[in-house]
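Presented below is the structure to which this report refers.
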Amino acid sequence: MDVQAFDFELPEALIAQTPLQNRTASRLLTLNKATGETAHRSFENLIDYLEAGDLLVMNDTRVIPARLFGTKKETGAKVELLLLKQLGEDRWEALVKPGKRMQLGAVAEFGKDDAGQPLLTAEVVEVGDMGARVLQFSYTGIFNEILDRLGEMPLPPYIKEQLPEKERYQTVYAKHEGSAAAPTAGLHFTQEYLERIQAKGVRLAFVTLHVGLGTFRPVSVDKIEDHQMHAEYYMLSQETADLINETKRSGKRIIAVGTTSCRTLETAAGISREQGGSKNGEPLAIQPSQGWTSIFIYPGYDFGVVDALLTNFHLPKSTLLMLISALAGQDYIMRAYEEAVREQYRFFSFGDAMLIY
């Protein structure tokens, strides 16, 4: 498939720069994936589309303050790091700007202690393409405490405004630290709204996927089949697997909150298929699993778990736009996006929401 088929005109004014004060105040565009019918609602109306017995699956990753500003040891030149993935003890994959200053063996320093010594140093031990580096960190103390002190929240590059509250770029259920970006569909929920949903008989389940380099890398090939996704770490517990299987057996829906939850669920579905799939016509039985996933979902993909998806509005020609097109059909999605632009929905991380059901 041609990447250009997933392009659309997006006025810069529609890119949301700041979050709404009230998380649930966003708008909600709904899309019936069977008919293509759309409706314009408020996020508060999401509950109207949920039924008792449905399972809402959310990504409970927690964003770390992964953006660091420092200087190159040899020259004092400014450098910026974005930590993406922990590879081992004190070794991280990161994006570096400007890449030309941080070649193999280069050392960057961050912060100063009372004696004027750096609180944190990073040496480039491997060089990748497009600014990717593997860094070996040195420090005294506890790494996460130093990161909390020195790091900033890694807002996407299309957001130019400062974020006054770090927690506004976390979901209210964020738990497991390790993400370089928030699973933004979940930013619309408050604890009170989740309790209202549960009171209706909808159950909640959690998976973990630490968002990494794949979120920041554009599709740079002409044919989407040639694009390679970057691996991200995920976890799907026995408890969540049991809830998924119970929901499927009862004929109710699995509703993924965000593309990261969707990718985690479909990774587990792929593993379960390989282990024997469904038996006697029963729904596919999901097994708990964890590890690295580089699953790339685009039109033609056969979903094994996900029935519906809550998501934000995505970048043109992005893998996320391709994923939702796989679920609802490219024609329906592109028409819905034209409608969203016409109706001036707010796009991307701090923008409005879309329910595909």
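The values are calculated or read from the model by the stated rules, or taken from the named source; none is laboratory data. Nothing here was measured: the structure is a model prediction, and the numbers come from that model. All Cβ positions, even for glycine, are placed from backbone atoms using ideal geometry, and neighbour counts span all protein chains on display. SASA here: full protein model, heavy atoms, side chains in, ligands and nucleic acids out. Shrake-Rupley method; radii C 1.70, N 1.55, O 1.52, S 1.80 Å.
Details
- Take the Cβ atoms of Arg203 and Val125, set R0 to 45 Å, and the FRET efficiency comes out at 0.50.
- Heavy atoms of Ile286 accessible to a 1.4 Å probe, total area in Å² rounded to 10: 0 Å²
- Degrees, to the nearest 10: 319-328 long Cα axis against longest axis of the chain: 10 degrees
- Pairwise Cα distances in region 161-242 exceed 18 Å for 59 percent of all pairs.
- For the chain, the longest principal axis of the Cα atoms and the long axis of helix 238-249 meet at an angle of about 20 degrees.
- Val207 long-range amide H proximity, modeled H, under 5 Å: Met58, Asn59, Asp60
- To the nearest 10, the accessible area of Tyr169 is 0 Å² with a 1.4 Å probe.
- Of every Cα-Cα pair in the chain, the percent that sits beyond 26 Å: 52 percent
- Cα-Cα over 27 Å, subset of Lys166/Lys248; Lys85/Lys317; Lys166/Lys200: Lys166/Lys248; Lys166/Lys200
- Pairwise label distance in nanometres, Ala5 with Asp90, each label 7 Å out on the Cα-Cβ vector: 5.0 nm
- In region 1-37, GluC sites (Glu not before Pro) in a DSSP loop with at most 12 other beta-carbon atoms within 10 Å: Glu9, Glu37
- Student exercise, the chain dipole from Lys, Arg, Asp, Glu Cβ charges, in Debye to nearest 20: 200 debye
- Cβ charges +1 (Lys, Arg) and -1 (Asp, Glu), total dipole of region 107-182, debye: 220 debye
- Over the chain, relative contact order from alpha-carbon pairs under 8 Å, at least 6 apart, %: 25 percent
- Heavy-atom accessible area, probed at 1.4 angstrom with all protein chains present, ranks Glu195, Glu44 as Glu195, Glu44, highest first.
- Dipole of the chain, positive end: most advanced residue of Val202, Leu28, Gly304 [Cβ charges, Cα centre]: Leu28
- Using a probe of 1.4 Å on the protein chains alone, the accessible area found for Thr140 is around 130 Å².
- If a spin label sat at a point 7 angstrom from the Cα of Arg249 along the line to its beta carbon, the backbone N atoms of region 160-204 nearer than 20 Å would be those of 202-204.
- Electrostatic dipole magnitude of region 148-282 [Cβ: Lys, Arg +1; Asp, Glu -1; Cα centre; debye, to 20]: 440 debye
- Averaged over its residues, region 206-357 has an accessible area of 40 Å² per residue, based on protein heavy atoms and a 1.4 Å probe.
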